[in-house]
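Below: one structure, written as C-alpha cells.
The values are calculated or read from the model by the stated rules, or taken from the named source; none is laboratory data. The structure displayed is predicted, hence computed values, not measured ones. So basically every Cβ, Gly included, is an ideal-geometry build from the backbone, and we count neighbours across all protein chains shown. Surface accessibility is based on the protein's heavy atoms, side chains included, excluding ligands, DNA and RNA. Shrake-Rupley method; radii C 1.70, N 1.55, O 1.52, S 1.80 Å.
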Amino acid sequence: MIDVVGVGDGDFRDLPTAMRTLISQARVLIGSRRQLERIPQMPQQVRRLLPSPLHPGLTDLLHGVGAAAESDDDGLVMLASGDPLLSGIGSTLIGMLGAAKVRIHPWISSEALARARMCWPAESTLVVSAVGRSIDAVRRHLTPEARLIVLCPDGSAPAALARLLVEEGCGRSRITAWWHLGGPAEGSRSAEARVWNEARTPDLVLACVEVESTGALARPSLGAAPGRDESAFEHDGQLTKRDVRASALAHLRPTPGAHLWDLGAGTGSIGIDWALAESRARVSAVEVRPERAERIARNAARLGVGASVKVVHGDAAAHLHELDAPDAVFIGGGLSGELLDTAWERLPIGGRCVAHAVTMESEAILVAALRAHGGALTRLSVEQAEPLGRYLAWTPLRPIVQWSAVKAMPVGARRITDAETDRP
C-alpha cells in the first residue's frame, strides 16, 4: 500500500495534522529533492528521491524500498505536488499498481491556486498539461475567450507558449505566469503574447491564458467539430475533403479514449479530426508512402494532437496484427476485400467501420461488404461554386461511395473475397 500525499510550496506546518502525521510516521518517504528538503528529518526514516526520468525508474525504486515498509501497512509514503490526481504521480501509480494499492491524500493544487489568483470559476477554465509532452498540446484549445491553465515543465515554457500564440494568430491573448504558488517565493508576470518577455521564469511555474477572440476565430482548425478546412492541413492534394470528412466522422462517432485505425491515412485528416474531437481519443494512422507518413506526423503535431496520433509507416494489411484493437476503423486508401475483412474481424461488437471508394472496382468491394455485414451505402457528391468568366458555375468534385456499419452479433457472417466483387 502506498500513501500519496499532496504538498504545496509552503511550510510543512501548513498541512493538516493528519497529513503531517502520515508523513512523519512513514518508514520510507519518497519525493523530489525540493519536497524532501521542506520536510523535517525524522528518526529511522528512509528517504528516497523520485527517479528521473520517472517512468523507467519508478518500478525499480518501488521494488527497492518495498522491503523497508512491508512490515507496516502505513509504511510507504510518496509526496506529490498539490492534487496527486491532477497530471500527477497519483495517476501514474494507480495505472501501474491498481487503485487497491494506492491511497490519495490531496492538498490544494496549483491549478486551484491559479484560479483563485485569477478569479476564474472552475467551470469556465480548462487545464492543459505540457509536462512530459509538447507545448503544441495547447493549439487545439485556442478558441475565442477560452481560459486555459497551462501546466509548464520548466521556466522556458511561458516564452514558448507566447511564441505559439503569436504563430496561431492569437498574439493579443494575455498570459499570466505564476510561479511557486502558495509559497514564500510566489511571483507572477503578465503581458500579451506578442510582447511577452522572453526571459526565463522560475521553474515551478504555470501559465494562465486568456485567448483573444479575433485571432482565434480566424484559425482554420478552430473548434472540435470535424470537417476542418483543407488549409488546416499540409497536403499534396490527396486528402479527404471537408464535407466528405465530416460525414465520415459522423459515422465513426469519436468518444473519449476510443481508438481509431486510419488505414491508408494519406494526409491524416480523418485521424486528426477524430483526435481533435475528443481529448482522450487515440489514432493509429497507417500509411505506405514515407513522405505522407512524415506529413501525417507534422500535421498531428502542428494541430496539437501529436501525442494522440501514432503514425505507422508500411502496408496496412501487413501491420494490422501489430496494432491495439480498434473501436472504429476508417479505410481511405488501399481498399481491398482482404483488408476490410481483417479490419472487420478485429473490430469488437459495437465497433464502427467506414470505408470510401472512388473507383468502380473499390465500389464493388463496398457493395460486397454491405451484403456481408449490413450497414449503409451512400454516394456523396459535392459541387462548389467557382468563377466561369464573369459568372459563377458549379464544379463537381469526384463522387465518393461511403460504406458505414456498426458491428453487431454475427449471424451467419461470411467473408468478402476479391473474386466476389466481380459479380454483376
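General remarks:
- Subset of region 299-322 (residues that are open to solvent by 50 Å² or more (accessible area, probe 1.4 Å) and over 15 Å from the mean Cα position of the chain (by Cα)): His313, Asp315, Ala317, Ala318, His321, Glu322
- For region 269-291, taking the residues that are touching a Ser or Thr at 6+ places or on another chain (Cβ under 7 Å) and not hydroxyl-bearing (Ser, Thr, Tyr), the one that is most open to solvent (accessible area, probe 1.4 Å) is identified as Arg282.
- For region 328-410, the strands (runs of 3 or more DSSP E) that sit wholly inside it and include 1 or more residues that are over 24 Å from Pro256 (Cα atoms) are 352-357, 376-380, 383-388, 391-396, 400-406.
- Filter result (assigned to a loop (DSSP other than H, G, I, E, B), among the small types (Gly, Ala, Ser) and at pLDDT below 95) within region 132-163: Gly132, Ser134
- Residue check, Glu234 open to solvent by 10 Å² or more (accessible area, probe 1.4 Å), touching a residue at least 60 places away in the same chain (Cβ under 8 Å) and not in a strand (DSSP E or B): yes
- Residue in region 100-119 that is modelled with pLDDT of 85 or more and touching a Lys or Arg at 6+ places or on another chain (Cβ under 7 Å) present: no
- Residue among Ala265, Ala248 that alone is over 16 Å from the mean Cα position of the chain (by Cα), crowded, with 22+ Cβ neighbours inside 10 Å, assigned to a loop (DSSP other than H, G, I, E, B) and of a type in the set (A, V, I, L, M, F, W, C): Ala265
- Output for region 218-231, where each listed residue is within 20 Å of the chain's Cα centre (by Cα) and free of Cβ contacts under 8 Å to residues at least 40 places away in the same chain: Pro220
- For region 127-143, a residue qualifies if it is farther than 27 Å from Pro53 by Cβ, surrounded by fewer than 19 Cβ atoms within 10 Å (Cβ to Cβ) and among the aliphatic types (A, V, I, L, M), but none of them does.
- Region 371-392 residues that are without any contact (Cβ under 8 Å) to a residue 24 or more places away in the chain, paired with ones that are in a strand (DSSP E or B) and open to solvent by less than 80 Å² (accessible area, probe 1.4 Å) (beta carbon under 6 Å, 6 or more apart): Arg379/Val401; Gln384/Thr395; Glu386/Thr395; Leu392/Ala385
- Qualifying position, being at pLDDT 80 or above and at negative phi, among Pro40, Pro56: Pro40
Let's see how each residue does on (1) open to solvent by 20 Å² or more (accessible area, probe 1.4 Å); (2) of a type in the set (Val, Ile, Thr); (3) touching a Gly at 6+ places or on another chain (Cβ under 6 Å):
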position	(1), (2), (3)
Asp324	yes, no, no
Gly333	yes, no, yes
Leu339	no, no, no
Thr342	yes, yes, no
Glu345	yes, no, no
Cys353	no, no, no
Val358	yes, yes, no
Glu363	yes, no, no
Val367	yes, yes, no
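- When residues of region 144-203 are limited to those that are polar (S, T, N, Q) and open to solvent by 50 Å² or more (accessible area, probe 1.4 Å), the one farthest from Ala232 (Cα to Cα): Ser188
- Taking region 222-271 as the range and being modelled with pLDDT under 90 and among the aliphatic types (A, V, I, L, M) as the test, the residues that pass are Leu222, Ala224, Ala225, Leu239.
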